[in-house]
Amino acid sequence: MAKAGKQQSKSSGTGGKRAGKKTRVSSKPAKSHSPPTADTDTLPPPDDTAPLLPPPLSPLLSPDSRSVVAVVCEHEPTLAPSTPKQLTSYGAIPSETSPCRRCQRIGSSSHTFDGGSMSSSITRAETVLVPQFIAAQVDDEALRQIAQNSGPKVAAFYETQNELIAELLSVNQQHTDDALELQMRERCTKQRQVDMAVRVSVVVNVLVVLAQLYAAISSKSLALFATMSEAMMDLLSSIILLLASMAARRRDRFSLYPSGRFKLETIGVIVFAVLMGTFSVALFVESVSALWMRSATPNFLSVYDAVCVVAALVAKIALYFYCYTLREYHTAHVLMTDHRNDVFVNAFGLTMAVIGKHAVAWMDPLGSLIIAIMILRSWISEAWDQIKLIVGISADPRLIQVLTYTAITHDPRIEKVDRVVAYHSGAKLFVEVDIVMPPCTPLITLHDVAESLQEKYERMPGVGRCHVHVDYEVTHRSEHHNAEA
């Protein structure tokens, strides 16, 4: 009878029992059928009840920031960073970690984790990963000692590791029903605040343009004229971002844009950056001409002119701090950058105008020249960042780590995570995940697991679309013919 139980366990592990033959299902767990070695009989059986805790300062991060987490064998919790395996040009998951000496002697792989795999139960994943994460966290006192003994770079490494561990441990807590409802409420509130920031920026920019136009005409200062022109371009940028944001959220009744129109915000920023670059070049030429011809004369800056510029400066500071609280949103981040630049430009322009009136006349066009260079440099950098987003740059490696951990712990029927890719399509992210499930899994189960994982990803902030592909093995080549391009 024991022999029949073993035969049934073996046949069930390979796909099921033979037709027409009745067998009893053994309640005992299946034994490993790996080929024994010479030392097998002399080794004690593995202790599955032993706590799986690594040393307190074992690094969970590998040297490559794109790796997810290095999980070691349960028998030897000496966590050493492994060299991650690059799977695609956009993302990677860690390579297979080496089994311990005991696993190698037994010839079994049941005690090791590969780069994206987990055991067949969520409880198992939690009992292995979560205790190791908690044990690997470094407290503040230990961080200070590390900074003194090993240097600030090593301490910064462990600080980053602590942040990553906290983020990974909070992944499953963030996707409960109550947490999701709270997140949706907070997201709607934040979106209303972003819309309010855009509208307030438009109104404030109109007032700032009027105040600085009066100051520039009254004082005949080239530096104040530069700040006024920059304020006019800010007004234009606010209008462009407002129109792009409204168009992106407008309902597409005829489905002409199946993936959405959220790229319009990125395109609007690029158009505005081109306009700002053109304006900066014109201002640069005018300032160089004034310095070369030595035609600079003392300006006629008055107290009223200075008050107008200071009022504009205070308004921009207030808007900067308001947008700073919403900086995780793309539109608010662009406005925050714009207001920050305006604070420095207005303060510098007023300073150079005062020096040009009371000290050296040529300091006024010099200030205009420096302002033009600052604006040009800032918006060239901003345009380049937006171009990378619309071309499809990879997501931040830390986000790819969170996405991979989310897939690993999503469902107990997911055996492995084959591939995780996240890349920008404008301001939003597209996520592609390949998971591995048993070949005998019913279609309805495959659909439900993949759909729930897709919905979980698409509820994450910044994710626009997610595609989940289910496979039964990982030895095949990529399904995309241009994956190596």
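Over 23 Å between Cα atoms: which of 153/428; 190/316; 316/388 fall into that group? Could you put the intermediate results ahead of the total?
On the way: 153/428 32 Å; 190/316 21 Å; 316/388 28 Å.
Among 153/428; 190/316; 316/388, the Cα-Cα distance tops 23 Å for 153/428; 316/388.
Indicate the gyration tensor shape class of the stretch 188-292 (rounded, prolate or oblate), computed on the Cα atoms with a ≥ b ≥ c the square roots of the eigenvalues: a/c under 1.5 is rounded; otherwise a/b larger than b/c is prolate and the rest oblate. Each step should come with its number before you reach the end.
Numbers: a/c = 4.29, a/b = 1.97, b/c = 2.18.
Because a/c hits 1.5 or more and a/b fails to exceed b/c, the stretch 188-292 counts as oblate.
What is the stretch 315-390 by shape, rounded, prolate or oblate, if you read a ≥ b ≥ c off the alpha carbon gyration tensor as root eigenvalues and call it rounded for a/c under 1.5, prolate for a/b larger than b/c, and oblate otherwise? Write down the numbers at each step before the final one.
Values: a/c = 6.65, a/b = 1.79, b/c = 3.72.
Verdict is oblate for the stretch 315-390.
Rounded, prolate or oblate for the stretch 352-485? Axes are the square roots of the Cα gyration tensor eigenvalues, ordered a ≥ b ≥ c, and the cut-off for rounded is a/c under 1.5. Don't skip to the end; give the middle numbers.
On the way: a/c = 5.11, a/b = 3.53, b/c = 1.45.
Judged from the Cα gyration tensor, the stretch 352-485 comes out prolate (a/c at least 1.5, a/b above b/c).
How do 384, 379, 362, 292 line up, fewest other C-beta atoms within 10 Å first? Intermediate results must be reported in sequence, preceding the final value.
Values: 384 12, 379 25, 362 15, 292 9.
Lowest to highest Cβ neighbour count: 292, 384, 362, 379.
Taking other Cβ within 10 Å of each residue's Cβ, how do 466, 323, 440 sort, fewest first?
Values: 466 21, 323 26, 440 8.
The most exposed by this proxy come first: 440, 466, 323.
Taking the beta-carbon count within 10 Å as an exposure proxy, list 316, 388, 263 from fewest neighbours to most.
Values: 316 25, 388 12, 263 20.
Exposure proxy ranking, most exposed first: 388, 263, 316.
Only the coordinates and a few stated rules stand behind these numbers; no lab work does. Because the structure is predicted, anything quoted here is derived from the model rather than measured. Cβ: placed from backbone, ideal geometry, glycine included. Neighbour counts: every protein chain shown.
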